[in-house]
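Step one of this worksheet: look at the structure below.
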Amino acid sequence: MPIFRLENPIQHYDWGTADAIPGLLGIDNPDGKPCAELWMGAHPKAPSIAETEDGPVPLDRLIARAPIPALGPTVAERFGPVLPFLFKVLSAAKPLSIQAHPPRFKAERGFAKENLEAVPLDAPERNYKDPNHKPEMLVALEDFEGLCGFRPIPEILGLIRKVAPREYDQIAGNLDRNPGKVELSVLFYRF
């Protein structure tokens with residue numbers, strides 16, 4: 001499989017900076033739109049575009065047409081005709097929200113359920129944009145501050161009690177009776 005030049009999409013979320021990603025790419029941003037994420041991959045929402053001899057082709061279609069040459073036999077056999085990761089460059093002007101991603105089996109189930117319910121992929125109430133889990137790695141290109149982990153369990157329980165007093169036992173009863181990592185994990189996977 002030859003190597004292709006890729007045109008990579010920019011996601012314009014309101015928390016992005018206006019200059020870092022355009023500066024990295026050597027392009028102008030005359031409107032000053034926030035450029036939050038540069039995506040390099042084959043995500044169906046915004047795949048990279050491969051410049052081929054036959055013209056531009058979305059990377060997800062290029063891989064689907066010829067998965068073994070595109071991915072290699074080991075990756076194609078393990079993951080099928082899809083690129084098993086999405087590389088992102090983020091540039092945040094504002095603090096980002098918490099990221100808590102489900103394991104693969106729950107993502108697959110949730111994605112299938114929302115598809116059956118005909119929830120549009122871009123709907124704000126949609127929880128599962130694709131069937132994949134989201135293991136993440138961060139490599140900071142400049143100074144970066146991040147938090148990892150959760151609040152103490154008593155504080156989490158207090159917040160649940162304030163937000164959903166009538167549903168408290170259903171939502172957090174097990175964690176309240178048996179505070180620990182396993183029950184905290186169950187709470188987040190169930191809801």
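The values are calculated or read from the model by the stated rules, or taken from the named source; none is laboratory data. Being a predicted model, the structure only gives us computed values, none of them experimental. Backbone-built Cβ (ideal geometry, glycine too); neighbour counts: all protein chains shown.
Quick notes
- Matching residues, the stretch 148-166, being without any contact (Cβ under 8 Å) to a residue 12 or more places away in the chain and over 29 Å from Leu121 (Cα atoms): Arg151, Pro152, Glu155, Gly158, Leu159, Arg161, Lys162, Pro165, Arg166
- Output for the stretch 141-171, where each listed residue is within 20 Å of His101 (Cβ to Cβ) and modelled with pLDDT of 85 or more: Arg151, Ile156
- Annotation: of all residues in the stretch 70-126 being in a loop (DSSP other than H, G, I, E, B) and touching a His at 6+ places or on another chain (Cβ under 7 Å), the one that is modelled with the lowest pLDDT is His101.
- Residue pairs meeting the criteria (Cβ under 8 Å; at least 6 apart or on separate chains; first closer than 18 Å to Lys45 by Cα and outside the structural domain of Lys45 (by TED's automatic domain parsing), in the stretch 11-23; second assigned to a helix (DSSP H, G or I) and modelled with pLDDT of 95 or more): none
Conditions (1) within 14 Å of the chain's Cα centre (by Cα); (2) surrounded by fewer than 17 Cβ atoms within 10 Å (Cβ to Cβ), marked per residue:
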residue	(1), (2)
Thr17	no, no
Cys35	no, no
Leu38	yes, no
Ala42	yes, no
Ile63	no, no
Gly72	no, yes
Pro84	yes, yes
Ala93	no, yes
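- The residues of the stretch 44-61 that are at pLDDT below 95 and under 23 Å from the mean Cα position of the chain (by Cα), listed by number, are Pro44, Lys45.
- Hey, Ile3 modelled with pLDDT of 95 or more and either in the same structural domain as Ser91 (by TED's automatic domain parsing) or over 22 Å from the mean Cα position of the chain (by Cα) (or both) or not: no
- Taking the criterion of being more than 22 Å from Pro84 (Cα to Cα) and either assigned to a helix (DSSP H, G or I) or of a type in the set (Ser, Thr, Tyr) (or both), the residues of the stretch 7-56 that qualify are Tyr13, Thr17, Ala20, Ile21, Pro22, Gly23, Leu24, Leu25.
- In this structure, Leu141 does satisfy being out of contact with any Pro (no Cβ under 8 Å at 6 or more places or on another chain) and not hydroxyl-bearing (Ser, Thr, Tyr).
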